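The block underneath contains the structure these notes are about, expressed in structure tokens.
The values are calculated or read from the model by the stated rules, or taken from the named source; none is laboratory data. All values reported here derive from a predicted model rather than from experimental measurement. Note: ideal-geometry Cβ built from the backbone for every residue, glycine included; neighbour counts use all protein chains shown.
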Amino acid sequence: MSTALKALKTFNYKYIYKNPVIKKHLSSIGDIFSFLFEKYMTDLEQGNPESVIFTDFLSGMDSKYLDRHSPPEIVRDYISGMTDSYLIRQAPAHLRPKSIDHV
């Protein structure tokens, strides 16, 4: 098993963590995180029921969660539960990285 894990780690470093094609997109991903964090914070503060943070995350959530977590924690939890592709789809088009399907 340790051999397979080592092979996987080697693969990840070569094709993901140190891949120059992927690394060039890191700043745009950071911009997306910042944009979405601010957007969802505003939606929470303004009580925007149309926002996906309400419709996709808080709808049906136990009221204890809301009582025990601050707005930044709620936004953090929502964003941290997103898949990569969902996060990118939530971003405005001008912040989305170019396709990297060939990686």
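Report yes if residue 77 is assigned to a helix (DSSP H, G or I), at pLDDT 85 or above, surrounded by 12 or more Cβ atoms within 10 Å (Cβ to Cβ) and among the acidic types (Asp, Glu), otherwise no.
Yes; evaluated as a whole, the condition is true for this residue.
Among all residue pairs at least 6 apart or on different chains, which show Cβ distances below 8 Å where the first residue, located in segment 49-69, is closer than 20 Å to residue 90 by Cβ and the second is of a type in the set (S, T, N, Q) and surrounded by 13 or more Cβ atoms within 10 Å (Cβ to Cβ)?
Final answer for the pair search is 52/90; 54/48.
For segment 44-74, give me the residue count where each residue is aliphatic (A, V, I, L, M) and in a loop (DSSP other than H, G, I, E, B).
Adding up the residues that qualify gives 1.
Hey, any hits in segment 45-63 for a residue that's of a type in the set (D, E, K, R), surrounded by 10 or more Cβ atoms within 10 Å (Cβ to Cβ) and within 21 Å of residue 30 (Cβ to Cβ)? Please lay out each step first, then the result.
As a first pass, look at segment 45-63 and keep what is of a type in the set (D, E, K, R): 45, 50, 56, 62.
Of the ones still in play, those that are also surrounded by 10 or more Cβ atoms within 10 Å (Cβ to Cβ) are 56.
Next, only the ones that are within 21 Å of residue 30 (Cβ to Cβ) stay: none.
Looking through segment 45-63, none of the residues is of a type in the set (D, E, K, R), surrounded by 10 or more Cβ atoms within 10 Å (Cβ to Cβ) and within 21 Å of residue 30 (Cβ to Cβ).
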